[in-house]
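The values are calculated or read from the model by the stated rules, or taken from the named source; none is laboratory data. None of these values were measured; they are calculated from a predicted model. Reconstructed Cβ throughout: ideal geometry from the backbone, glycine too, with neighbour counts over all protein chains shown.
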Amino acid sequence: MSQSKIKINLDSLKTRREWKRHKVKDGSNVYRILPPFGESSNGYPYRKWQIIWGLQDPESGRARPFASSMTSEKKCPVTEYVQELKKKAEALKSQLAAAGVDEETQKERLGALNKLISDLNPKTVYIYNAADKSGDVGLLELKSTAQKKMKAEMAQYIQDYNQDPTSLNSEDTDSGLWFNITRSGMGRDTEYDVKKMQIKTKNPTTGKISFEDDRSPLPDSVVENYDNLAYDLGAVYQVKSYDELAEILEANMASLIEICPDADLGASTTVVKSAAPKAAPAQAQKPVGTKTVTLKMDDDEEEETPVATTTRSTKVQAASVEDDFLAEADALLNS
């Protein structure tokens with residue numbers, strides 16, 4: 001199916017449609033990555049999102065994920081706030097160390113603040129349309145480490161075959177392929193790996209066993225109905241503007257400070273210049289295929305969100321970083 005024939009699936013924008021999500025579980029997870037979908041895809045088979053967890057929706061009072069405005073406006077009030085919390089954590093740690101407080105006590109003292117920083121810091125994810133072996137089409141969400149490996153495997157496939165790894169076809173000259181995504185470990189020690197799926201073959205003449213890339217076909221139902229099965233990746237999370245996120249953060253501030261008193265900055269947020277965008281990698285030589293592969297996979301994928309180049313004041317209840325802190329350190333030492 002050519003990219004020019006792919007249309008936006010309006011059903012994917014309707015709230016009544018249930019989102020099918022492929023969860024990457026421990027062990028092996030085999031999926032076929034599907035082509036860029038819809039005019040807004042701009043040739044990319046995935047959509048990069050920076051998601052904020054740890055805030056409540058002021059309207060419903062329920063915790064829910066919010067899309068950072070960094071992607072659309074190159075600035076985000078939650079990112080700016082997190083950066084100021086990090087600066088405060090470093091200042092408090094330095095003061096504790098200067099007062100002679102041991103590292104274990106420092107960790108205990110700063111535990112709530114560091115947890116809040118981790119909870120609020122936007123998490124980068126990459127979402128694909130993908131199919132499993134049974135033919136279920138759903139959203140496949142990858143972390144940055146898995147995304148880097150997925151891009152590397154796709155680039156190698158393009159170099160080896162000069163074919164689009166997301167193609168719906170499975171012909172000798174135009175075929176997508178299956179990927180094996182593995183997950184191991186727990187929590188911060190969770191690790192991901194992505195490899196082209198390999199299948200074992202036996203030469204009928206020599207009996208020699210070899211392994212080759214799994215380019216076996218997608219179910220016909222996926223190929224024939226992809227326009228109706230795929231999701232608009234730009235509609236997975238609701239996009240909030242910078243000002244809207246600032247209001248949501250302000251509405252949550254009292255509860256954040258109640259849980260973690262150090263969340264009260266009592267000062268203006270100063271932001272720094274964002275990093276310059278990475279240059280696109282040079283295209284590799286493509287020896288096998290019969291046409292140019294136009295799949296895009298070269299956007300920025302830094303896990304740490306760059307800070308915007310503007311400044312904004314964060315409204316919080318008055319409390320200074322320095323107030324009575326050395327006295328607290330002395331109390332910890334003498335306790």
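What pairs can you find where one residue is in the range 134-155 and surrounded by fewer than 19 Cβ atoms within 10 Å (Cβ to Cβ), the other is part of a helix (DSSP H, G or I), and their Cβ atoms are less than 7 Å apart, with a gap of 6+ or different chains?
G135/S221; G135/V222
Only one residue in I117, I158, I127 is closer than 20 Å to G43 by Cβ, β-branched (V, I, T) and in contact with a helix residue (DSSP H, G or I) (Cβ under 7 Å, 6 or more places away or on another chain). Which one?
So the residue among I117, I158, I127 that is closer than 20 Å to G43 by Cβ, β-branched (V, I, T) and in contact with a helix residue (DSSP H, G or I) (Cβ under 7 Å, 6 or more places away or on another chain) is I127.
Just for the range 213-224: of the residues that are in contact (Cβ under 8 Å) with a residue 12 or more places away in the chain and not hydroxyl-bearing (S, T, Y), which one is surrounded by the fewest Cβ atoms within 10 Å (Cβ to Cβ)?
Result: P217.
Could you tell me how many of the residues in the range 62-116 are touching a Ser or Thr at 6+ places or on another chain (Cβ under 8 Å) and closer than 17 Å to Q50 by Cα?
14
Mind checking which pairs have a first residue in the range 43-59 that is at negative phi and touching a residue at least 12 places away in the same chain (Cβ under 8 Å) and a second that is assigned to a strand (DSSP E or B) and surrounded by fewer than 15 Cβ atoms within 10 Å (Cβ to Cβ), Cβ under 9 Å, 6 or more apart or different chains?
W53/A63; L55/A63; Q56/A63; D57/A63
Which members of the range 126-154 meet the condition of being of a type in the set (S, T, N, Q) and part of a helix (DSSP H, G or I)?
Answer for the range 126-154, where residues must be of a type in the set (S, T, N, Q) and part of a helix (DSSP H, G or I): S144, T145, Q147.
I'd like to know if the range 180-192 contains one or more residues that are touching a residue at least 12 places away in the same chain (Cβ under 8 Å), polar (S, T, N, Q), surrounded by 13 or more Cβ atoms within 10 Å (Cβ to Cβ) and in contact with a Pro (Cβ under 8 Å, 6 or more places away or on another chain).
no
Taking the range 36-67 on its own, how many of its residues are outside any loop (DSSP other than H, G, I, E, B) and within 23 Å of C260 (Cα to Cα)?
Qualifying residue count for the region: 5.
Scan the range 70-100 residue by residue and report those that are over 21 Å from the mean Cα position of the chain (by Cα), buried (at least 16 other Cβ atoms within 10 Å of the Cβ) and acidic (D, E).
Matches in the range 70-100: E84 only.
With in a loop (DSSP other than H, G, I, E, B), under 20 Å from D119 (Cβ atoms) and out of contact with any strand residue (DSSP E or B) (no Cβ under 6 Å at 6 or more places or on another chain) as the only criterion, which of L249, L265, L245, L256 stands out?
Result: L265 is the single residue among L249, L265, L245, L256 that is in a loop (DSSP other than H, G, I, E, B), under 20 Å from D119 (Cβ atoms) and out of contact with any strand residue (DSSP E or B) (no Cβ under 6 Å at 6 or more places or on another chain).
Surrounded by 14 or more Cβ atoms within 10 Å (Cβ to Cβ) and under 17 Å from the mean Cα position of the chain (by Cα): is that true of K196 in this structure?
No.
Need pairs with beta-carbon distance below 6 Å; first residue of a type in the set (S, T, N, Q) and within the range 243-265, second part of a helix (DSSP H, G or I); sequence gap 6+ or separate chains.
If the second residue must be part of a helix (DSSP H, G or I), no pairs are left.
Scanning the range 1-42 for residues that are over 19 Å from the mean Cα position of the chain (by Cα), β-branched (V, I, T) and at pLDDT below 95, which turns out farthest from E171 (Cα to Cα)?
Among them, the one singled out is T15.
Could you run through the range 33-69 and say how many residues are closer than 27 Å to D189 by Cα and in contact with a helix residue (DSSP H, G or I) (Cβ under 8 Å, 6 or more places away or on another chain)?
Total satisfying the criteria: 12.
A quick yes/no check of all residues on (1) modelled with pLDDT under 95; (2) surrounded by 14 or more Cβ atoms within 10 Å (Cβ to Cβ):
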site	(1), (2)
F211	yes, no
Y226	no, yes
D232	yes, yes
V236	yes, yes
K240	yes, yes
D243	no, no
I248	no, yes
A251	no, yes
